[in-house]
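Here it is: the structure, laid out below.
The values are calculated or read from the model by the stated rules, or taken from the named source; none is laboratory data. Predicted model only: the values in this text are computed from it and were never measured. Cβ atoms come from the backbone with ideal geometry, glycine included; neighbour counts cover every protein chain shown.
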Amino acid sequence: MYGPRGRIIYVMDPKPILEFAARTDTGMVRSHNEDAIHASPEHAFAVLADGMGGYNAGEVASAMAVEAVRSRLQAELPNLPARRREPFTLQLLNAAIHDANKAILAAAESESQYRGMGTTIVAAIFDEDRLALAHVGDSRAYRLRQDELVQITRDHSLVQEQIDAGLVDPASAAYALHRNLVTRAVGVDPEMEVELHLHPVEEGDVYLLCSDGLSDMLDAGGITGILRAHPDSLDAACETLVAQANAMGGHDNISVILIRVQSLSLQPGGVLSRVLKWIS
């Protein structure tokens, strides 16, 4: 495009260069898969949901949630302002998940077989050198940076509340009686609250979104070991994470999305972008 005095302005794509891999699996115990996932390399976002409810209602809730979020993000991300986008990405995530909440509540109200259904959700937008992250429930996001794995979401669960209150030792939380009882879910409460955060992103980071079918079977050390063992193939890492969770019992559906940040070099706010802005 042309700027003042006819000089050419190079408009940088605000999306970093990312590599994606994703898998979902029924596991070894459940008869059907109530997880749903979507990864969008084109729009630099990913979303994962873990449904709950009788019969096939959990499957319906998770699919509805992922579709509602996918639809809104895909439609509106290209229209965000070119600069100072961070608050807009968080607002968009919040609005998209509230769309999902309303849709699931409406379906449960109109169809008796869907009453009581709901879903957890975790969704991520990569924009410039920031990650906008939203979650409800106990589906998680982790970041692997320089071989150190950090959980960057905090479960909305009874056991997490007990840990926070000092009633449960974090080391024994995996064996707690009600470890899968969530205190917040999509499609359950009209006043649902979405937890939203921005995280700085670095080249080489690997981000993991997962359902509790993975995190209940593999601890942070197990996940880290698998990611380290497959530094050049996210597909192989995904396959191995799912296979190992199944080998440990596969008590629930298992869903994994991996995203590697390959490059941030041409993003707005970088040196090249600032030089071009100054020239224009």
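Which one of these does Leu131 not meet: (1) in a loop (DSSP other than H, G, I, E, B); (2) crowded, with 17+ Cβ neighbours inside 10 Å; (3) touching a Phe, Trp or Tyr at 6+ places or on another chain (Cβ under 9 Å)?
Here Leu131 clears every test but (1).
Ala247 - would you say it is surrounded by fewer than 20 Cβ atoms within 10 Å (Cβ to Cβ) and on the phi < 0 side of the Ramachandran plot? Give the steps one after another, and end with the answer.
Numbers: surrounded by fewer than 20 Cβ atoms within 10 Å (Cβ to Cβ): yes; on the phi < 0 side of the Ramachandran plot: yes.
Against the criterion (surrounded by fewer than 20 Cβ atoms within 10 Å (Cβ to Cβ) and on the phi < 0 side of the Ramachandran plot), Ala247 qualifies.
Among Ala103, Ala49, Ala108, which is the only one that is among the small types (Gly, Ala, Ser) and more than 16 Å from Val194 (Cβ to Cβ)?
Ala108
Could you identify the single residue in Ile104, Ile125 that is in a helix (DSSP H, G or I), among the β-branched types (Val, Ile, Thr) and touching a helix residue (DSSP H, G or I) at 6+ places or on another chain (Cβ under 7 Å)?
Only one candidate qualifies: Ile104.
Continuing with the same structure: Out of everything in segment 22-45 that is of a type in the set (A, V, I, L, M, F, W, C) and under 13 Å from the mean Cα position of the chain (by Cα), what residue ends up being surrounded by the fewest Cβ atoms within 10 Å (Cβ to Cβ)?
Ala22
Could you pull out the residue among Ala141, Ala171 that is of a type in the set (Gly, Ala, Ser) and at pLDDT 95 or above?
Ala141
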